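Notes to accompany the following structure.
Just so it is clear, none of the values below were taken in a lab; they were calculated from the coordinates. Since the model is a prediction, treat every value here as computed from it, not as a measurement. All Cβ positions, even for glycine, are placed from backbone atoms using ideal geometry, and neighbour counts span all protein chains on display.
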Amino acid sequence: MVWLPASTHWKFLRKIAVTQMFTSQRLDASQALRGKKVQELLEYVHENCNNGQAVDIGKSVLTTVLNLISNTFFSHDIASYNSDLSQEFSYLVLGVMEYIGKPNIADYFPILRLVDPQGVRRKTNNYFKRLNHILDSIISERNRLRSSSVASKACHDVLDALLILVEEENTELSFADIKALLRDFFMAGSDTTSSTVEWAMAELLLNPDKLVKAKTELQEVDGPMVHLTLASLVHSFDWKIADGLTPQDIDMSETFGITLHKREPLQAIPMKT
Ligand code: HEM
């Protein structure tokens, strides 16, 4: 959907997104899930707090958001805070975002497209291939489960809802569409949200008086993922910048890309309030 030109099929996919993913019932039903995933983030930050260790804010929030999206779609975690082994999905999503946002000389001189001098197309294709492989295995596993028992056909998550639509007669929705939708939502929703939280935290640490004000105003918080996550981090901990740096030392420069990343990841040490 993200890559299609405005066309009948693009409109169709947007309609699927609106009717299957962004319904008020689905959003209401996932409220508890959002709370649970933010709670898991806070537990991870607590661990770091007890050990006096810095937290990579962007990376940790990315794990939270990927798991929120993966649980909404197919009811299990796709990323983890601690295990390097299960970081592949985050790595692939970030890889795609990095390479599709890179200025590519072959876009300006089409004669160079085949040569692909910076390897942008080769690397992006490689990331997409690996992401597709993971999504293929998740969809196959779900299809296997769905065909194994009548009870499992009950519609619980977005993937179930989409697979039911694919089975309908004369449907316009294909398995390739389902995979593309899943991929789009992981890419469009994860890096954007985690990066926004990271920037907001960096701004607050840069302005300690604003951080104190935010903490005192945060009694009860509910609403969008960015607000909920940021509010929970600010409300539950005091923060100091890692490596003995002062607020003025925080590097607020940005990298060029499709989403605006901090050049230096924000490393902050959580402390008990
Ligand atoms: C702070 C967080 C976010 C920011 C700043 C952001 C920003 C944007 C922007 C600027 C666009 C392009 C809009 C356009 O072309 O007119 C976009 C598109 C999109 N976003 Fe987000 N977004 C965020 C979070 C999310 C989340 C959480 C999701 C879903 C889980 C999401 C899914 C999408 C999709 C699917 C599109 C493409 C829509 C289309 O092609 O019709 N985004 N986003």
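Evaluate the charge dipole of the chain about its Cα centre and quote only its size in Debye, nearest 20, assuming +1 on the Cβ of each Lys and Arg and -1 on the Cβ of each Asp and Glu. Provide the component values of the computation, followed by the final result.
On the way: 28 positive and 34 negative charges, 123 e Å.
That gives the chain a dipole magnitude of about 600 debye.
Can you find, among 133, 206, 63, the residue farthest towards the positive end of the dipole of the chain? Put +1 on the C-beta of Lys and Arg, -1 on that of Asp and Glu.
133
A 32 angstrom limit on the alpha carbon distance is what I want to check against. Which of 36/102; 37/179; 102/272 exceed it? Don't skip to the answer; put the middle values down first.
Details: 36/102 35 Å; 37/179 24 Å; 102/272 40 Å.
Beyond 32 Å: 36/102; 102/272.
Any idea what the relative contact order of the range 195-255 is, in percent, if you count C-alpha pairs under 8 Å spaced at least 6 apart?
Numbers: 32 pairs, mean separation 25.3, N = 61.
After rounding, I find 42 percent.
Quick one: if you take sqrt(5λ) for each eigenvalue of the C-alpha gyration tensor of the range 119-273, what semi-axes come out, biggest first, whole angstrom? Could the numbers behind the result be given before it?
Details: eigenvalues 335, 94, 31 Å².
After scaling each eigenvalue by five and taking roots: 41, 22, 13 Å.
Ranked by Cβ crowding within 10 angstrom, fewest neighbours first, how are 184, 160, 191, 209 ordered?
On the way: 184 16, 160 19, 191 25, 209 8.
By the 10 Å Cβ count, ascending, the order reads 209, 184, 160, 191.
Expressed as a rounded percentage, what relative contact order does the chain have, with Cα pairs under 8 Å and six or more residues apart?
Numbers: 291 pairs, mean separation 72.9, N = 273.
Normalised by residue count, the contact order of the chain is 27 percent.
Helix-only mean residue ellipticity at 222 nm, the chain, DSSP H runs n ≥ 4 weighted -39,500 (n - 2.57), per residue, nearest 500. What is it? Provide the component values of the computation, followed by the final result.
Details: 11 runs with 164 residues, N = 273.
Roughly -19500 deg cm²/dmol at 222 nm, from the helical runs in the chain.
Let me know the volume per residue of the alpha-carbon convex hull for the range 1-115, in Å³. Provide the component values of the computation, followed by the final result.
Working: hull volume 17.8 nm³, N = 115.
Considering the Cα atoms of the range 1-115, their hull volume per residue is 155 Å³.
Which aspartates and glutamates, on any chain, are close to residue 210 with Cα under 16 Å apart, when same-chain ones fewer than 8 places away are left out?
198, 238
Could you point to the residue in 232, 124, 145 farthest towards the positive end of the range 115-248's charge dipole, with +1 and -1 charges on the Cβ of Lys/Arg and Asp/Glu respectively?
124
In the chain, which longest range has no chymotrypsin sites (Phe, Trp or Tyr not before Pro) that are both DSSP loop (not H, G, I, E or B) and surrounded by at most 13 other Cβ atoms within 10 Å? Let's see the in-between values first.
Working: sites that count: 3, 22, 256.
Maximal segment without exposed cleavage sites: 23-255.
What is the spread of the Cα atoms of the chain along each of their three principal axes, largest first, in whole Å?
60, 54, 34
Just tell me, in residue order, which DSSP H segments of the chain are both 24 angstrom or longer along the helix axis (alpha-carbon based) and at least 0.0 in mean Kyte-Doolittle hydropathy. It would help to have the intermediate numbers written out before the result.
Numbers: long enough: 31-51 (31 Å, -1.00); 57-74 (25 Å, 1.08); 120-148 (42 Å, -1.11); 175-206 (47 Å, 0.54).
Length and hydropathy pass: 57-74, 175-206.
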